[in-house]
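> Before anything else, here's the structure in question.
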Amino acid sequence: MENLLINILFVLLPILIFQIFYINTDSKYKNILLATVFSISIIICMNFTITNYEGHFFDLRYIPFVLGALYGGKKVAIFLYFVILVYRFYIGGEGFYIAFIDSTLLLIILLFLLIPKYQTYSLKTKISGTMALLGIVAIISLITCHTLFGFILHAPIVLLSSFVVAQALTMGLSVYFLEYLITMDTMKKQLYHNEKLKSLSEMAASISHEVRNPLTVTRGFIQLLKSPGIDDEKKITYLDLSLQELDRAESIITDYLTFAKPHENIELELLNVTAEVNYVANLMEPYALMQNVSITKEFFIKESYFLGNKKQFLQCLINLSKNAIEAMQNGGKLEFKVNKENEKITIQLTDNGVGMSSEQIGRLGVPFFTNKEKGTGLGTMVAFSIVKAMKGEIKVKSRVNEGTTFTISIPESVSTSDKED
Ligand code: ADP
Ligand code: MG
């Protein structure tokens, strides 16, 4: 009993460690961390055998194995498989053969049946599926060992079945626990993000304030210029300041109002994604040339339609590509990629510019957050709210000094485009 509790503890502990460091991140170390903590958990489980019956060990080692495989993927699965086999072989005894059959069976089911589709299952299916998996594997392995090798496990049936039940329950509990932590984390991030994203029209008031300021300042300088007896030096300073302020007003309008007018009635139409992206890529060409940036396009789909407002969509792409070009002060490459993934159209903008730290990525979309001397901090905010209004999503991946990828995904309007062709 005591060892059962120790086993459960060491199955749940890695889940916590995993959550603290790496839940929901795309870090390349995620799988290494997963493989390490679950290997440790497997070895500890095997050291604290719940019952040892004539060289057959009962413990919860398969739970970290299954968890690692389902949440880490195929490589982690294969790695954990070998950890179990090698360690079991090192312990010795004829129970190794049962362990070999069990884990191979599990590995095959995981690799070919569960891992490819696991993320699409509902929580209930995930829990009941993994519970059933361990139950079935335990039963199959007992039967095959009995018939193939003639092992007769003399363990009392009560002990065997209570072990199978305890194992299944812990499995279900662990999946529930992990899923719960992942959902909480996703919700927290979404909530945080929604908080930042006020809708375009809500923003309008503060934007017009931002535009009015430079205009008022400019007006003041022009009035000063009118006064008699002003010397030339002062004149030039006033003119320079006025020009600066006008530039500022202009850049706010470019980022915010070039196409999208917040109060305008927003008309939705079917847009052909490749045509729109192509248009923007051409439109940005002169600006890119000025900064020594070359633009490339890759369209993996020919025609695909989605519902959106044309002007807003163009504004969104322009803001993002403008940022990408501005991130490459010493020249570089801006790449547009259009593709389709599970009924969603994806548009990727990749640059090899200065990149962003994760702290900077977190602040993207916050109005007036800018790292540029003459920045407005409106471009990404506007782009984010436009995509949100189209029921789409923007994901950002970036590495400092390596570059940035913005991925927009929007639901494809299947029904209408189907009728059209
Ligand atoms: P602005 O461009 O006026 O600064 P934005 O909202 O468009 O305002 O961008 C906010 C900040 O996000 C930028 O100042 C920049 O630091 C960062 N940023 C946005 N896109 C990129 C990118 N592709 N590469 C590097 N940094 C970026
Ligand atoms: Mg910008």
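The values are calculated or read from the model by the stated rules, or taken from the named source; none is laboratory data. Keep in mind that this is a model prediction, so the values were computed, not measured. Every residue, glycine among them, receives a Cβ derived from its backbone with ideal geometry; neighbour counts consider all protein chains shown. When the accessible area is computed, the model is the full protein with side chains, heavy atoms only, and any ligands, DNA or RNA have been set aside. Shrake-Rupley method; radii C 1.70, N 1.55, O 1.52, S 1.80 Å.
> Straight-line reach only, C-alpha to C-alpha below 26 angstrom: list the lysines that LYS226 could link to, leaving out same-chain residues fewer than 8 apart.
LYS234, LYS235
> Rank these residues by their accessible area, most exposed first, probe 1.4 Å: THR407, THR218, THR147. Walk me through the intermediate numbers first.
Numbers: THR407 30, THR218 10, THR147 100 Å².
Putting THR407, THR218, THR147 in descending order of accessible area: THR147, THR407, THR218.
> What pairs in LYS188/LYS374; LYS322/LYS395; LYS30/LYS322; LYS344/LYS395; LYS188/LYS310; LYS311/LYS391 have C-alpha atoms more than 24 Å from each other?
Working: LYS188/LYS374 33 Å; LYS322/LYS395 17 Å; LYS30/LYS322 32 Å; LYS344/LYS395 14 Å; LYS188/LYS310 32 Å; LYS311/LYS391 16 Å.
Flagged as over cut-off: LYS188/LYS374; LYS30/LYS322; LYS188/LYS310.
> Report, to the nearest 10°, how far helix 379-389 tilts away from the longest principal axis of the Cα atoms in the chain, using its own Cα long axis and a range of 0 to 90°.
Result, in degrees: 60.
> Which FRET efficiency value, to the nearest 0.05, do you get for LEU16 and SER227 by plugging their Cβ-Cβ distance into 1/(1 + (r/R0)^6) with R0 = 56 Å?
Details: r = 71 Å, r/R0 = 1.27.
My answer for the efficiency is 0.20.
> Quantify, in whole percent, the carbon and sulfur part of the accessible surface of the chain (1.4 Å probe; protein heavy atoms only). Before the final figure, lay out each step's value.
On the way: 13960 of 22910 Å².
About 61 percent, which is the carbon plus sulfur part of the accessible surface.
> Another one. Taking every pair of alpha-carbon atoms in region 2-193, give the share separated by more than 32 Å as a whole percent. Could the numbers behind the result be given before it?
Values: 2421 of 18336 pairs.
Percentage above 32 Å: 13.
> How big is region 312-360 along each principal axis, measuring the range of its Cα positions in Å and listing the largest first?
Result, largest extent first: 36, 23, 21 Å.
> Over the chain, with the other protein chains present, what is the accessible area per residue in square angstrom, probe 1.4 angstrom? Mind dumping the intermediate values first?
Working: 22910 Å² over 421 residues.
The answer is 54 Å² per residue.
> Can you compute the helix-only [θ] at 222 nm over the chain? Use -39500 (n - 2.57) per DSSP H run of at least 4 residues, normalise by all residues, nearest 500 deg cm²/dmol. Present the calculation step by step, with values, prior to reporting the outcome.
Numbers: 15 runs with 256 residues, N = 421.
Here the helix-only value at 222 nm equals -20500 deg cm²/dmol.
> Among the listed pairs LYS297/LYS340; LYS117/LYS388; LYS74/LYS397, which have their C-alpha atoms separated by more than 25 angstrom in this model? Walk me through the numbers before you get to the answer.
On the way: LYS297/LYS340 15 Å; LYS117/LYS388 27 Å; LYS74/LYS397 23 Å.
Where the Cα-Cα span goes over 25 Å, the pairs concerned are LYS117/LYS388.
> Quick one: what Rg and Dmax do you get for the chain from the alpha carbons, in Å?
That works out to 29.9, 113 Å for Rg and Dmax.
> Another question, then. Along the charge dipole of region 2-193, which of SER128, ALA138, THR170 sits closest to the positive end, that is, farthest toward it, with unit charges on the beta carbon of Lys, Arg, Asp and Glu (+1, +1, -1, -1)?
SER128
> Taking the Cα centre of region 2-193 as origin, work out the dipole magnitude from +1 charges on Lys and Arg Cβ and -1 charges on Asp and Glu Cβ, in debye rounded to 20.
Numbers: 11 positive and 8 negative charges, 144 e Å.
For region 2-193, the charge dipole is close to 680 debye.
> Please list LYS395, LYS374 from largest to smallest accessible area, probe radius 1.4 Å, with all protein chains kept in place. Intermediate values should be presented prior to the final figure.
On the way: LYS395 125, LYS374 145 Å².
Reading off the accessible areas and sorting them downward yields LYS374, LYS395.
> I'd like the distance separating the alpha-carbon centroids of region 331-402 and region 105-184, in whole Å.
42
> State the answer as a single residue: which of LEU181, LEU160, ALA99 lies farthest towards the positive end of the charge dipole of region 2-193, with beta carbon charges of +1 for Lys and Arg and -1 for Asp and Glu, about the Cα centre.
Towards the positive end, the residue furthest out is LEU181.
> Moving on to the next point. To the nearest 10 degrees, how steeply does helix 30-47 sit against the main Cα axis of the chain, on a 0 to 90 scale?
The angle comes out near 20 degrees.
> With Rg and the Kirkwood Rh both taken from Cα atoms, where does Rg over Rh land for region 269-420?
Values: Rg = 15.0 Å, Rh = 15.6 Å.
My calculation of the ratio gives 0.96.
> How much accessible area does GLU412 have with a 1.4 Å probe, in Å² rounded to the nearest 10?
Here the residue's solvent-accessible area equals roughly 30 Å².
> Would you mind telling me the antiparallel percentage of the DSSP bridges in the chain, rounded to 5? Don't skip to the answer; put the middle values down first.
Numbers: 30 of 37 bridges.
Around 80 percent antiparallel, to the nearest 5.
> Continuing with this model, one more query. For region 61-71, take each phi angle, set θ = phi - 60°, evaluate the Karplus expression 6.51 cos²θ - 1.76 cosθ + 1.60, and give the result in whole Hz per residue in order, putting x for glycine and proline.
4, 6, 5, x, 4, 5, 4, x, 5, 6, 9
> Let me spell out the model: positive unit charges on the Cβ of Lys and Arg, negative unit charges on the Cβ of Asp and Glu, origin at the Cα centre of the chain. What dipole size does that give, in debye rounded to 20?
Details: 38 positive and 39 negative charges, 55 e Å.
With only Lys, Arg, Asp and Glu charged at Cβ, the dipole is about 260 debye.
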